[in-house]
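These notes are about the structure you will find just below.
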Amino acid sequence: MIRLQPIGHKDRDRVNHIAVLPEQEPFCGSIAQHFDDPRPNFDFHVVLRDDQPVGFFKIDRDYRAEYPFALPDELGLRGVMIDRREQGKGTGKAAMAALLPYLSQQYPQASSVALTVNEVNPLARAVYLAAGFIDTGEMFHGGRISAQHIMRLALKG
């Protein structure tokens, strides 16, 4: 069973083993990069399979500060990682399917969550679309790798 859970900086050892394939790291970063980032606006979350950490993501509570397309009461989904040993088992799809109820409960003040996904990463885009994210049709050109699709998931009906 897949479930999501908040974690803190003190829980780094719990997720240190999570690593994506080397070619995926430019898109999502590494656990070390996320935990070493000193900005206070990030909340960390773990993806659990049967209570074992198999994935990670962070929520940016001040997404609009870096991304001008973000709405005033919108969260940012960043650094989504599913451990390379867990990929291909439906874990990413299940984690993203669980995101809507989870974020709605964790962040009741937020109207939506947004993310950017590189145009050269169609598999990730497909997972987000299957989870209910809408591609806004706009592109963000401030990424390091390529233009990025701007996607949004409404947290309130």
For the structure I just gave you, tell me whether residue 138 is out of contact with any strand residue (DSSP E or B) (no Cβ under 7 Å at 6 or more places or on another chain) and of a type in the set (Asp, Glu). no
Tell me the residue from 66, 23 that is touching an Asp or Glu at 6+ places or on another chain (Cβ under 8 Å) and modelled with pLDDT under 95, please. 66
Going residue by residue through region 69-82, is there one that turns out to be buried (at least 19 other Cβ atoms within 10 Å of the Cβ), over 14 Å from the mean Cα position of the chain (by Cα), closer than 16 Å to residue 42 by Cβ and at pLDDT 95 or above? yes
Looking only at region 3-31, which residues are closer than 27 Å to residue 143 by Cα, surrounded by 13 or more Cβ atoms within 10 Å (Cβ to Cβ) and among the acidic types (Asp, Glu)? 25
I'd like the full set of residues that are of a type outside the set (Gly, Ala, Ser) and under 16 Å from residue 98 (Cα atoms), limited to region 135-157. 152, 153, 155, 156
Residue pairs, Cβ under 8 Å, 6 or more apart or interchain, first in region 6-18 and within 14 Å of residue 55 (Cβ to Cβ), second of a type in the set (S, T, N, Q) and surrounded by 15 or more Cβ atoms within 10 Å (Cβ to Cβ). List them. 6/106
Residue check, residue 127 part of a loop (DSSP other than H, G, I, E, B) and free of Cβ contacts under 8 Å to residues at least 40 places away in the same chain: no
Where the second residue is assigned to a helix (DSSP H, G or I) and of a type outside the set (Ser, Thr, Tyr) and the first is over 13 Å from residue 132 (Cβ atoms) and lies in region 85-105, which pairs have Cβ atoms under 6 Å and are six or more apart or on separate chains? 92/127
Look through region 32-50, keep the residues that are charged (D, E, K, R) and in contact (Cβ under 8 Å) with a residue 24 or more places away in the chain, and return whichever of them is surrounded by the most Cβ atoms within 10 Å (Cβ to Cβ). 49
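The values are calculated or read from the model by the stated rules, or taken from the named source; none is laboratory data. Fair warning: this is a prediction, and the values are worked out from it, not measured in the lab. Here the Cβ is made from the backbone with ideal geometry for all residues, glycine too, and neighbour counts use every protein chain on show.
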